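Asker: Below you'll find the structure I mean.
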């Protein structure tokens, strides 16, 4: 029940239809759907802490490093990788303090590919950038929470996100408990869905902790 979306709506649509109660991972997806040339939308969590002094220096890159295995795998498969994340709480409005520009350099360094950055999450300019992507390239969309439709899980906004891609991968465990457009709503508009490596690792740990915990144990609620 915990992994079927009642507590984690962001993983509810990632089921492996051939293996009940199992989430399809990116390798399983690649075995069924050739990813070369496919536009793969990856929901990641790049909500990193920024320096209070200049507002643009990443002070802890743990979350950036966390998405590298999934992004690198997809790049190696020749996918056209579209990354979507939030940063902070801009409350549905554009706020320059919460733009994702600060993560681009470090992400590019870790993945080994120059990550391109869009100035919005959806729209004609974004669609043009997506259409111009090459196999094995990476595009980072602007903070999805600049749009009110994200946190409201607005169907129209979710449809716009879904129109950008052929495949959806959720690798943002930190937002899996939220039924937002980029974590839940988009799944209704994309035929192929899977869990990224980070999501898969966290779900396995959580499942083990719930189904077969090491005893004795104590729960702090």
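Asker: From the list 85, 182, pick out the single residue that is in contact with a strand residue (DSSP E or B) (Cβ under 7 Å, 6 or more places away or on another chain), crowded, with 18+ Cβ neighbours inside 10 Å and either within 25 Å of residue 28 (Cα to Cα) or modelled with pLDDT of 95 or more (or both).
Answerer: Going through 85, 182 in turn, just one is in contact with a strand residue (DSSP E or B) (Cβ under 7 Å, 6 or more places away or on another chain), crowded, with 18+ Cβ neighbours inside 10 Å and either within 25 Å of residue 28 (Cα to Cα) or modelled with pLDDT of 95 or more (or both): 182.
Asker: Just to be sure before I move on: is residue 169 crowded, with 17+ Cβ neighbours inside 10 Å and in a helix (DSSP H, G or I) in the structure I sent?
Answerer: Taking the combined requirement at face value, the residue does not satisfy it.
Asker: Here's another thing I want to ask about it. So residue 104 clears everything in (1) surrounded by 13 or more Cβ atoms within 10 Å (Cβ to Cβ); (2) more than 14 Å from the chain's Cα centre (by Cα); (3) within 25 Å of residue 187 (Cβ to Cβ) except one condition, right? Which one?
Answerer: So the condition that residue 104 fails would be (3).
Asker: Moving on to the next point. Taking the residues in region 35-70 that are without any contact (Cβ under 8 Å) to a residue 24 or more places away in the chain and part of a loop (DSSP other than H, G, I, E, B) as candidates, determine which candidate is surrounded by the most Cβ atoms within 10 Å (Cβ to Cβ).
Answerer: That would be 49.
Asker: Let me ask something else. Is there a residue being at pLDDT 85 or above and either farther than 21 Å from residue 191 by Cβ or surrounded by fewer than 20 Cβ atoms within 10 Å (Cβ to Cβ) (or both) anywhere in region 8-15?
Answerer: No: region 8-15 contains no residue that is at pLDDT 85 or above and either farther than 21 Å from residue 191 by Cβ or surrounded by fewer than 20 Cβ atoms within 10 Å (Cβ to Cβ) (or both).
Asker: Which members of region 110-148 meet the condition of being surrounded by 14 or more Cβ atoms within 10 Å (Cβ to Cβ), assigned to a helix (DSSP H, G or I) and without any contact (Cβ under 8 Å) to a residue 40 or more places away in the chain?
Answerer: Answer for region 110-148, where residues must be surrounded by 14 or more Cβ atoms within 10 Å (Cβ to Cβ), assigned to a helix (DSSP H, G or I) and without any contact (Cβ under 8 Å) to a residue 40 or more places away in the chain: 126, 127, 129.
The values are calculated or read from the model by the stated rules, or taken from the named source; none is laboratory data. Quick caveat: nothing in here was measured; it's all calculated off a predicted structure. With ideal geometry, Cβ positions are generated from the backbone for all residues, glycine too; neighbour counts draw on all protein chains shown.
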